Every structure is written in C-alpha cells, then in structure tokens.
Amino acid sequence: MASKVIKRLLAAPVTVWMVLILLTLISAAFADSSVSQTSVGLSKLSLLLVGVIVLVKGNLVIDYFMGLKHTRGWPVRIMKTYLALMLALIASHFFRFL
C-alpha cells in the first residue's frame, strides 16, 4: 500500500506540480525580500531571477500539463515563442520604468 502511494507521488504530473509550487515560493521570496530595495519593488537582479523562474515554469506547464513534451513542430514552437515574447514584453516595460 505504501509503495503505491510513493509511486503515485513520484509520478511525473505530481512531481512537476510540486516543482511548480517550489518555484512559485522561491519567486515570491525574491519579490518579498527586494521590496525595500527600489521604489518599484523589485531590484533588477530579482527581476532577472524571477524571469528565469517564469521561463522554467512555463516550459514545465507546456511540456507536461499541455501535453506537448513529445510533440514536434509548430505547436511547441508557437507556445514557447508566445511564452518568451510575453516575458520579453513585460520585462522591457518594467525596465523602462526603473
């Protein structure tokens, strides 16, 4: 019985979900620790680290929860290009005001 529970916890979707939660907590800690560093609320280094975490989380969601991990061709390219483009637009807008 216990081995079934352990196998289920180590299954890919549950493991990816736990990694997503851990990365969310890490990015929230970066945001919380840098609130007093700038008037906007995030230092540039914290923004860069949170951006990298967003890319990793987005790729995990695209690969595992959208089911595109074993897909090749335009569906994966469209989703990953969209992810990178949105992050670049948000970062460029944010850096304009720092």
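The values are calculated or read from the model by the stated rules, or taken from the named source; none is laboratory data. Quick caveat: nothing in here was measured; it's all calculated off a predicted structure. All Cβ positions, even for glycine, are placed from backbone atoms using ideal geometry, and neighbour counts span all protein chains on display. Note: areas computed on protein heavy atoms with side chains; ligands, DNA, RNA excluded. Shrake-Rupley method; radii C 1.70, N 1.55, O 1.52, S 1.80 Å.
Let's see how each residue does on (1) more than 26 Å from M66 (Cα to Cα); (2) modelled with pLDDT of 75 or more; (3) over 18 Å from the mean Cα position of the chain (by Cα); (4) of a type outside the set (A, V, I, L, M):
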| site | (1), (2), (3), (4) |
| --- | --- |
| A2 | yes, no, yes, no |
| A11 | no, no, yes, no |
| T15 | no, yes, no, yes |
| L20 | no, yes, no, no |
| F30 | yes, yes, no, yes |
| S33 | yes, no, yes, yes |
| Q37 | yes, no, yes, yes |
| V40 | yes, no, yes, no |
| S46 | yes, yes, no, yes |
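In a residue-by-residue description of region 62-71, the property of being assigned to a helix (DSSP H, G or I) and modelled with pLDDT of 90 or more applies to at least one position. The C-beta contact set for region 46-68 (first residue farther than 20 Å from F94 by Cα, second residue among the charged types (D, E, K, R) and open to solvent by 60 Å² or more (accessible area, probe 1.4 Å), distance under 8 angstrom, 6+ apart or interchain) comprises N59/K80; I62/K80; D63/K69.
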